[in-house]
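Taking it in order: structure first as structure tokens, then the write-up.
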Amino acid sequence: MADVVPKERKILVAVDEGEESMYALSWCLKNVISQNSKDTLILLYAKPPRAVYSALDGTGSRSHLQGYLFSADILATMEKYSNDVAACVIEKAKRMCREQADEVEVRVESGDPRDVICQVAEKINADVLVMGSHGYGLIKRAFLGSVSNHCAQNVKCPVLIVKKPKCSSSGTK
Amino acid sequence: MRAMVGIDESDESFYALQWFLDNLFPDLSAALSAGLLTLVHVQQPFQPYGFPAARPGVAAFYPSTVVADSVRKSQEQTSAALLSRALQMCKDKLIKAESLILEGDPKDMLCEISEQMNVDLLIVGSRGLGKIKRAFLGSVSDYCAHHAKCPTLIVKPPKEASNNK
């Protein structure tokens, strides 16, 4: 074949707690990344913002005590829980990547996944964004919103949306 | 793996094809099964009625078969030209490609054909419509991303004059 120049690409993979994003990551590892390519894989986990009303403050920092409905203890526990979930997800993802022995970078940001993913993709100038899709139907999507939809529209780089095949309809290669 | 690229008249789909050929797989012909890429062009079905009439008071009239035939032929020529341009791009990269012309609504046909042919990756361009246009015109890339059973790659053209940089 002609010269196969290993391209250095930045592949941003958005992970969350769901199975679909893990499937997307494994698909990406299996198909997109090969042995001789110098790709940097960046795993991004967006910690959903705490569902606590915090008046007028988008970052959720503790500037306005009046908005808080819970005591500090409960907040600390919630914070710890979300950090634990993040660590768990990242660990699972890293374990998958270890087999490929890629250069893996991990980022954990907090905020609405849609915005976080778009911002990070722009900041690091990713070459491809890979994400899973929950596969919601129309109604669920209308209520819950679709992160993959939003990102596909707003991010500047090419987006690869990987859906987990339902049951065992089509055999994967 | 089987890859399929959706082609239409827009530049964005050609950009998507070019990007896919250049960037996604470092060694593309080895990655593609049988080294084959499928290019699909979906034609809007030709509606043989309802031409805007110059004469007022005429709701719709059925054009003669001559007119219908010539429009169909010109459509075929356009798709053939598009696909040959796309095939040429693949040939430049030493990738074998086959082409397919379908008729119907692009969204549905792309999803259907990707399922029928057991495609592993579907590549589409995106016209980058804003929210309002998207609501009225519909977005093929959005529809495919959500309804196709296989992974979908949506490639957007880079904004030359980007206003938010």
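Values computed for the structure shown
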quantity: Helices (runs of 4 or more DSSP H) (entirely within region A:89-173) containing at least 2 residues that are modelled with pLDDT under 85, within 18 Å of residue A:9 (Cβ to Cβ) and within 8 Å of chain B (Cβ to nearest Cβ); calculated: none
quantity: Subset of region B:61-95 that is in a helix (DSSP H, G or I) and hydroxyl-bearing (Ser, Thr, Tyr) - its residue that is most open to solvent (accessible area, probe 1.4 Å); calculated: B:65
quantity: Answer residue from region A:1-44, given it is part of a helix (DSSP H, G or I) and facing chain B (nearest Cβ under 7 Å) and is modelled with the lowest pLDDT among those; calculated: A:32
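The values are calculated or read from the model by the stated rules, or taken from the named source; none is laboratory data. Since the structure is predicted, the reported quantities are computational estimates derived from the model, not experimental observations. Heads up, the Cβs are rebuilt from the backbone with ideal geometry, glycines too, and the neighbour counts pull from every protein chain shown. All accessible areas refer to the heavy atoms of the entire protein, side chains included, with ligands and DNA or RNA removed. Shrake-Rupley method; radii C 1.70, N 1.55, O 1.52, S 1.80 Å.
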